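Chemist: One structure coming up, written as structure tokens, with questions to follow.
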Amino acid sequence: MQSQPYKISFLTGAAIVVANMVGTGVFTSLGFQVLDIQSGFALLMLWAVGGLIALCGAVSYGELAAAMPRSGGEYHYLGQIYHPALGFLSGWVSATVGFAAPTALAALALGEYAKSVWPGLGQAVVAGTAITGASSLGVGVVLALTLVHGTSTRAGSRLQIVITALKVAILVVFIGAGLVVGEGQPLHYAPDAAGWRAVLSPAFAVSLVYVSYAYSGWNAAAYLTGEIQNPGRNLSRILLAGTAVVLLLYVGLNYVFLRSTPLAGLKGQVEVGFVAATSLFGAPAGRLAGGIIAALLVSTISSMIFAGPRIVQAMGEDLPALRFFAAKSRAGVPVRALLLQTGITLAFILRPSFKEILVYAGFVLNLFTFLTVLGLFVLRWKKPNLLRPYRAWGYPFTPLIFLGLSGWTLAFILREKPTESRYGLLTLAGGLVVYVATTRFFRSPRPAPNP
């Protein structure tokens, strides 16, 4: 008798959301924000507004996922609400850049933080390419986690719960220690005229783009809908609980970073966590903190390796040209899709110029989340009688808040980053060409008509 496939629990789903979100962004972006913003109130408002966007998005996705319970995320929602071509374009971007590039960035950041503990990391040769010790460490972690997640969904789920719980516990301890040990810097966190001027400034809009990247991943569990226990009930709870936990962690972490370290010491720094820990506890503890943050990034890499292949799998189930990637192992794991994502991730690590790709990929991914939340209104209009086990809390205000703030960010990127925006649109054009080719030359046989 064949055993029933393992279903992802609420706890595992929330762990995937938290792990996807808490990664490189929160440990690296503050150093660039303080270059143009010196108000403590405005700096914390950045993380609060980013969290508000993510929460409103999670509320909206919860209704869509409950009404259309299938893995694939935006690929599934956009294809059902608008047109299969739009769903394919979303899956095309997510599968090729949306998960692989952030996974590679997290792996590289892991290696860079590890260098604070082991400065003598040497070079290695992978596939004939000489790479730094930091990069080789990232390659090793990606391959090890691919092996775990490719073996069993159950084993991957348990690993995800353990390392994410460890991540949250360490961050809570760090925040608590920072509040006790930190001496405090001359910053004002209460709202005042100068703080509100900073919130309304162009610099705030620039920084919000990076904060939005730090919050990306709040929708991670939507890619696993078909594998979640009772998704109509659990998915909305997973998205909201995971996002709320991260919002609290982000505001707390950045308050400790700002409270412990002078702004001059943070400006332009990438390893913000290392700098803050050194300021709080001294150089030896700072090096230890760098190693701990490197370990925490394992959870982020693991969650992306877990969720990303489900998009390719869903695309393979729908498109004959990609049917090869729809296959699952006996353990229910889409191994071929997993290996494809791992291959792309390793290519980014071995050729780390991919950082520029993240700028335009962020524009395209934000565009698709915008269209997905807009689809909540479209679906209610097109299918008012569709069974909805969960309805978006605060509708229509919560999705409108998301659309307003996300639309503002998209408009800013279009105006201020025209080159990256054009590259993003060219990526979509390439995906459209692939879609037309696959649907025209690889059509599924039509079922015979009923007599």
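Chemist: Here are some residues: 179, 253. Which one is out of contact with any Cys (no Cβ under 6 Å at 6 or more places or on another chain) and open to solvent by 10 Å² or more (accessible area, probe 1.4 Å)?
Modeler: None of the other options fit; the residue is 179.
Chemist: When you scan region 238-325 for helices (runs of 4 or more DSSP H) that lie fully inside it, which ones turn up with 1 or more residues that are under 20 Å from residue 50 (Cβ atoms)?
Modeler: 263-266, 272-281, 283-307
Chemist: May I pose another question? Give the residue, chosen from 59, 49, 18, that is touching a residue at least 24 places away in the same chain (Cβ under 8 Å), touching a helix residue (DSSP H, G or I) at 6+ places or on another chain (Cβ under 8 Å), β-branched (Val, Ile, Thr) and over 30 Å from residue 187 (Cα atoms).
Modeler: None of the other options fit; the residue is 59.
Chemist: Which condition from (1) touching a helix residue (DSSP H, G or I) at 6+ places or on another chain (Cβ under 7 Å); (2) at pLDDT below 80; (3) under 15 Å from residue 37 (Cα atoms); (4) open to solvent by 40 Å² or more (accessible area, probe 1.4 Å) is the one that residue 191 breaks?
Modeler: Result: residue 191 fails condition (2) only.
Chemist: Being in a helix (DSSP H, G or I), of a type outside the set (A, V, I, L, M), out of contact with any helix residue (DSSP H, G or I) (no Cβ under 6 Å at 6 or more places or on another chain) and at pLDDT 85 or above, is that true of even one residue in region 406-418?
Modeler: Looking for residues that are in a helix (DSSP H, G or I), of a type outside the set (A, V, I, L, M), out of contact with any helix residue (DSSP H, G or I) (no Cβ under 6 Å at 6 or more places or on another chain) and at pLDDT 85 or above, one finds at least one in region 406-418, hence yes.
Chemist: What helices (runs of 4 or more DSSP H), lying completely within region 7-49, carry at least 3 residues that are open to solvent by 10 Å² or more (accessible area, probe 1.4 Å) and closer than 30 Å to residue 154 by Cα?
Modeler: Per the criteria, 10-21.
Chemist: Could you please tell me which pairs satisfy a Cβ distance under 8 Å, a separation of 6+ or placement on different chains, a first residue in region 192-216 that is part of a helix (DSSP H, G or I), and a second residue that is open to solvent by 50 Å² or more (accessible area, probe 1.4 Å) and of a type in the set (Asp, Glu)?
Modeler: 203/36; 206/36; 206/416; 207/36
Chemist: Exactly one condition in (1) farther than 18 Å from residue 82 by Cβ; (2) open to solvent by less than 100 Å² (accessible area, probe 1.4 Å); (3) modelled with pLDDT of 85 or more is false for residue 385; which is it?
Modeler: (2)
The values are calculated or read from the model by the stated rules, or taken from the named source; none is laboratory data. Small disclaimer: the values here were computed from a predicted structure and weren't measured. Note that we place each Cβ from the backbone using ideal geometry, even for glycine, and neighbour counts take in every protein chain shown. All accessible areas refer to the heavy atoms of the entire protein, side chains included, with ligands and DNA or RNA removed. Shrake-Rupley method; radii C 1.70, N 1.55, O 1.52, S 1.80 Å.
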